[in-house]
1. Collect the residues in the stretch A:672-686 that are closer than 10 Å to residue B:29 by Cβ and either facing another protein chain (nearest Cβ under 7 Å) or among the charged types (D, E, K, R) (or both), keeping them in residue-number order.
2. Tally up the residues in the stretch A:250-284 that are buried (at least 16 other Cβ atoms within 10 Å of the Cβ), modelled with pLDDT of 85 or more and hydrophobic (A, V, I, L, M, F, W, C), please.
3. Counting only residues that are outside any strand (DSSP E or B) and more than 14 Å from the chain's Cα centre (by Cα), how many does the stretch A:444-465 have?
4. Within the stretch A:490-513, is there a residue that is farther than 17 Å from residue A:338 by Cα and touching a helix residue (DSSP H, G or I) at 6+ places or on another chain (Cβ under 7 Å)?
5. Among the residues of the stretch A:111-131, write down those that are touching a residue at least 12 places away in the same chain (Cβ under 8 Å), of a type outside the set (Val, Ile, Thr) and more than 21 Å from residue A:613 (Cβ to Cβ).
6. Within the stretch A:361-382, can you find the residues that are under 21 Å from residue A:417 (Cα atoms) and assigned to a helix (DSSP H, G or I)?
7. I'd like to check something: does the stretch B:44-57 contain any residue that is modelled with pLDDT under 75, more than 13 Å from chain A (Cβ to nearest Cβ) and on the phi > 0 side of the Ramachandran plot?
8. Within the stretch B:144-197, track down each residue that is over 18 Å from the mean Cα position of the chain (by Cα), within 25 Å of residue A:442 (Cα to Cα) and away from chain A (no Cβ under 13 Å).
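The values are calculated or read from the model by the stated rules, or taken from the named source; none is laboratory data. Note that the structure is a prediction, hence the values are computed from the model and not measured. Note that each Cβ is placed from the backbone with ideal geometry, even for glycine, and that neighbours are counted across all protein chains shown.
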Amino acid sequence: MQAVRDFSKLIIQAFFGGIGVAVAMSLAILLLSANSQAATINDAKAGTLLIKDSSVDGGYAPAPQVATEVAIDVTGMIARTRVIQVFHNPGSGFVEGVYVFPLPEKAAVDRLWMKIGTRVIEGRIREKEEARRTYEKAKAEGKKAALVEQQRPNLFTNAVAHIGPNDAIEIRIEYQQALAYEMGTYKLRFPLAVTPRYVPAAAAIPDEPKALEAQPLEDGEELVQPAYAPDGCGGLNTVDIAISIDAGVPVGAVTSSYHETVIEKAGGRTMISLTKDQEEANRDFELTWTLAPGAAPQAAMFTQTRGDNEYALLMVVPPQPTAAERAQFERMPRETILIVDTSGSMEGVSMTQAKAALEMALDTLRGSDRFNVLEFNSGMRTWLPTAVPATADNIQRAREWVRKLRAGGGTNMAPALMFALDGTETPGYLRQVVFITDGAVGNEDELFKLIVQRLGSSRLFTVGIGSAPNGHFMTKAAQFGRGTFTSIGDVKEVQEKMGALFAKIEAPVLRDVQIRWPNGTPVETFPPRVPDLYLGEPVLVAAAAKAPLGTVVVTGLRGNQPWSVALTPPPDRDAAGVGALWARAKIASLMDTLAQGADVNQVRPAVVNVALEHHLVSAYTSLVAVDLTPTAPTEGLKTAMVKASLPQGYVGGGLPQTDTPATLQLLLGLFALMSAAIVTMLGRRTARIA
Amino acid sequence: MRAMGTDPGSRAWGLSPVLIFALLLALLGTWQVASAGWIHAKATLAQHLIASAWSGARAGGPARRPWPWADMRPVARLTVPGRGISLYVLDNADPRALAFGPAHVGGTAAPGSAGNAVIVAHRDTHFAFLRDLSPDDEIDVEGAHGAMSRYRVREVSVVDKEETRVLEPADAPLLTLITCYPFDAVRPGTRLRYVVVADRIG
């Protein structure tokens, strides 16, 4: 019995000894590997960003950081925004900071100031190349300088040269925008993050390479993408937002869609600010508000006189149809094509939202409708080869197909759009393409051309998903697709927003809209033709005339009834910013002609003229500010991209993982074999002793 | 029990817990070593199979699948003169393809063409040699139709995996080779990437 006890004891000892050694060895292995990683970036501390810099000991230097303050002043339906970016250089040498940041897609950027200590230098508008030369020259001479360039209509870069060690330079940018007004609600959006954009290689459309060749804005220009910070570094680029609304009439409910805010009302003004005054720039800010009941405008006109020109901004809200009227609007059966983006950038929360939106869309189909569903990432996959009647059975099968969708791969939109916009028409059906995506693409222009060329009688409705969709792409795609853009930033909004979209697209509320200007006044308006209006949408037109404008009459067809409204300019004839908004609309319209095949050599001078006259940043003009006195050494300037935060919920992207567990497996395996040998030997010896 | 003491031979403690434990350990060990070996075997064997698919493509035919159920094709051949490195580059950089060879990252320029061509591979198999590359080393790339390009290494750097700007398009013909870093890490899943950038010189 003694022998049995001894033997069992030994076995237990051997067992635990083996496990102990195994654990110890594994720990040693893991620690060793952890050490070898930490040694390469051992300067990294929580919250510090590093840039590679061979001149510094250890190879890394801290990157500049940017704190952003946003102040938005809303007057009537125009918002004037001041963005202050404070570039701080935590390092020990002079650096150049390059910050890629988004702005609303219709922002008319017209002012730039650079503040160094107490001195303030105002930026000037120049043609893009000239501005860049001015900036480079100042940089070479050791002068502080700032350059604001447009990468995309909603994506800008700000380069600041010679930020001294432990120094801060304050850059102030101002822009103007007209507010979106829909369904009785004003909406103001300030984008705070950029979803990394996917640029397909070469032409994405193999069979029509000539017509659809991707056209960069300039020869040899490339899309600058923000550099993203590694996770787990805490708040990186902080942002503070304050908004003041002076609507002229009492304001009703104010809602911040995705951020916690404090709302105060005082003396006819409504002030909104973020509760935590430092928020990380990783999801877009959206504020919506309604006007007090009875105060909602049916029509509004703002004018501004600048030089010989009179500028006007018109907004007309067609009256909502009553239930009886809506019953009379004949509902045509629809052929609905649902396209969903399942690329890698959609992974995570975005995919959940997209699926919810798809299910909602399937719910709204009626038996008389037809439908199909398709997904795209690097390639494209359809649910069925052609659209089928929306029977309960078919909808159920589509629902199951949707549930199995997974995100991954690139964002190659062209094949899906080509499939959906194939020029076919089913007689008696209203063809609607609903396109659900985060719009994370860099080849926008190529896609716009495709939409323009192939739309036919279909209508394209874009639905933006995720915490930072590419608003420029979505809005323009919907405009070229003669549909509308809906943005969903939260799963909770899916039901409401998709419901509103489908209610809206049942039938246009106002068709054939015409504007009659006072006799004999030549007027240039944007958009040149007012599109059909769906439920809750206003007419929004910017106009320029050589003579003062009198009363304007807007007419249209409501159902089958003629409808009209007359607008008279307010006696106080100077609403600031109307001219800039008109110019911005004109530039956008000129840029749109590129998608329709216009020659860039003719468009460019036209854009430059308008932009220089109105002091606006555009694809071909930039703002540049240069300090007069050199304050920095002229050599050894490092350039660093300021890291942006990735949009909240974004998990895709990044460089591929290229390590295998082979070494780990080999070590574990050899170790297990050795343990086996040791245990066997111990077992033998025990047996012998016993 | 006494019998076991007097007879240290095999049968008496034949199925004792010690032996079972040792056997389990041995099995586990063999399985782990085999898995590691399988990763390396796949990496080597696949390159040989791809070689014959490649010579088919060179002869003018369409690039064949290296084996019937493969979902990738060779698009280029990468050689480093003087180092005995010769690798076939596959067309689709997904984790499965990477087991068989270096792969071209979709969306970047084609190897040998103008623009930034990005190729990724595993640090412990195909691209283990990257650690030996230094500026001014030369790399040859043969395109699908036999077009040869020569690149010279400009810089070598270590970046975080979120630094996707190394994938960004360029005007000049560039070759960017990426693998995981550090090379001799035991545990997979590092955040760091080793990036070699080379300019075309001919």
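1. Keep residues of the stretch A:672-686 that are closer than 10 Å to residue B:29 by Cβ, which gives A:672-677.
Hits for the stretch A:672-686 are A:672, A:673, A:675, A:676.
2. 3
3. Restricting attention to the stretch A:444-465, the residues satisfying the condition of being outside any strand (DSSP E or B) are A:444-458.
Narrowing further to those that are more than 14 Å from the chain's Cα centre (by Cα): A:445-458.
Total satisfying the criteria: 14.
4. Our first condition is that a residue be farther than 17 Å from residue A:338 by Cα; within the stretch A:490-513, this holds for A:490-493, A:496, A:507-513.
Checking which are touching a helix residue (DSSP H, G or I) at 6+ places or on another chain (Cβ under 7 Å) leaves us with A:491.
Yes, because at least one residue in the stretch A:490-513 is farther than 17 Å from residue A:338 by Cα and touching a helix residue (DSSP H, G or I) at 6+ places or on another chain (Cβ under 7 Å).
5. Across the stretch A:111-131, the qualifying residues are A:114, A:115, A:119.
6. Within the stretch A:361-382, A:361, A:362 meet the criteria.
7. Looking for residues that are modelled with pLDDT under 75, more than 13 Å from chain A (Cβ to nearest Cβ) and on the phi > 0 side of the Ramachandran plot, one finds none in the stretch B:44-57, hence no.
8. Within the stretch B:144-197, B:173 is the sole residue that qualifies.
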